[in-house]
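Asks: Before I ask anything, let me first share the structure, which is written out below as structure tokens.
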Amino acid sequence: MVLSDRIIVPLDVPSPVSALTLLDQLPEVAFWKVGLELFIAAGPAILQELNQRQKKIFLDLKLHDIPNTMAGAVRSAQSYGVDFLTVHAPAGRVALEQSLAQVAGDRLQLLAVTLLTSLSSRDLAFDLHIPLELPEYVLKLALLAQESGIPGIVCSPQEAAPLRQLCGPDLTLVCPGIRPAWAQSQDQQRVMTPTAAFQAGADYLVIGRPITHAPDPAAAWARLTAELAAI
């Protein structure tokens, strides 16, 4: 698999029309992420469209609820034909295990979200009142998810190297907070360049605004893929 096939581009747009426009602008993108904003606006129809275009799909709903509700949501998501689906690791061991028990077949893979990349060490300490250093907190959540059988983790690229060392080669690491050197970091606090993130052990990278908010998204995608080809 070429590195560009391991780039996931978010469809972080408010309407189906905007989503279709982006899909048409970026036909070479193989893997797309659908988050809460678009899924609430468009519903499963946008997933059907992506499947018709033979795209891989990351359904990023970040499920976090009581175990029975999370398990039911995962069971329902099985019918959507998606590749990744996110659940929050802080939901706890029982919720993670019951969610995993709903996965049937080879396509759907659950990913546990450790800590949102918009949160900093200060947020963790002063707002959330969690008495752990940020890296330690992320590692503990990752281990909880792995012990619960979850096959993949969503984490900051800055945590990719220690997670890879701690959890081994089989855990899938999906990293948002990726910004090429020529892009602004915006509201992400823990960022890294694509090259550095892959070298740190990431399997997939989520790269959004540097591509989708560029004046010419196709040109931005071409620039990114050229950089990855040189790795």
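Asks: Given only helices, namely DSSP H runs of n ≥ 4 each adding -39500 (n - 2.57), what is the per-residue ellipticity at 222 nm of the chain, to the nearest 500 deg cm²/dmol?
Replies: On the way: 10 runs with 90 residues, N = 231.
Calculated from helices alone, the mean residue ellipticity at 222 nm is -11000 deg cm²/dmol.
Asks: Same structure again: Within 10 Å of each residue's Cβ, count the other Cβ atoms and sort Phe58, Phe31 from fewest upward.
Replies: Details: Phe58 25, Phe31 20.
Arranged by neighbour count, lowest to highest, Phe58, Phe31 become Phe31, Phe58.
Asks: Can you pull the one-decimal nm distance between simple spin-label points at Gln165 and Ile231, each 7 Å off the Cα toward Cβ?
Replies: Output for this residue pair reads 2.0 nm.
Asks: For region 85-231, with the dipole built from +1 on Lys and Arg beta-carbon atoms and -1 on Asp and Glu ones, taken about the Cα centre, which of Trp182, Gly92, Leu132 lies farthest toward the positive end?
Replies: So the residue we want is Trp182.
Asks: Given Cα pairs under 8 Å that are at least 6 residues apart, what percent is the relative contact order of region 3-225?
Replies: Values: 403 pairs, mean separation 40.1, N = 223.
It comes to 18 percent, rounded to a whole number.
Asks: Here is a follow-up. What order do you get for Ser79, Ser121, Ser148, Ser156 when you list them from fewest to most C-beta neighbours inside 10 Å? Spell out each step's value before the answer.
Replies: On the way: Ser79 9, Ser121 14, Ser148 21, Ser156 26.
Least crowded to most crowded, the residues run Ser79, Ser121, Ser148, Ser156.
Asks: Non-local amide H neighbours of Gly152 (under 5 Å, H modeled in plane, Pro and chain starts lacking H): which ones?
Replies: Residues meeting the amide H criterion: Ala112, Thr172.
Asks: Mean separation of Cα pairs under 8 Å and 6+ residues apart, divided by the residue count of region 28-79: what relative contact order is that in percent? Intermediate results must be reported in sequence, preceding the final value.
Replies: Details: 31 pairs, mean separation 20.5, N = 52.
Once divided by the residue count of region 28-79, the mean separation gives 39 percent.
Asks: Going by how many other beta carbons lie within 10 Å of each one, how would you line up Glu49, Glu159, Glu136, fewest first?
Replies: Numbers: Glu49 16, Glu159 27, Glu136 11.
Ordered from fewest to most neighbouring Cβ atoms within 10 Å, Glu49, Glu159, Glu136 come out as Glu136, Glu49, Glu159.
Asks: A further question follows. Normalised by the empirical 2.2 N^0.38 Å for globular proteins, what value does the Cα Rg of region 3-225 take? Walk me through the numbers before you get to the answer.
Replies: Details: Rg = 16.8 Å, N = 223, 2.2 N^0.38 = 17.2 Å.
Ratio of Rg to 2.2 N^0.38 Å for region 3-225: 0.98.
Asks: Which lysines, on any chain, are close to Lys33 with Cα under 16 Å apart, when same-chain ones fewer than 8 places away are left out?
Replies: Cα-Cα hits under 16 Å: Lys55, Lys56, Lys62.
Read-outs throughout are calculated quantities, based only on the coordinates presented, and are distinct from any laboratory measurement. In this text, all values refer to a predicted model and were calculated from it rather than measured experimentally. Backbone-built Cβ (ideal geometry, glycine too); neighbour counts: all protein chains shown.
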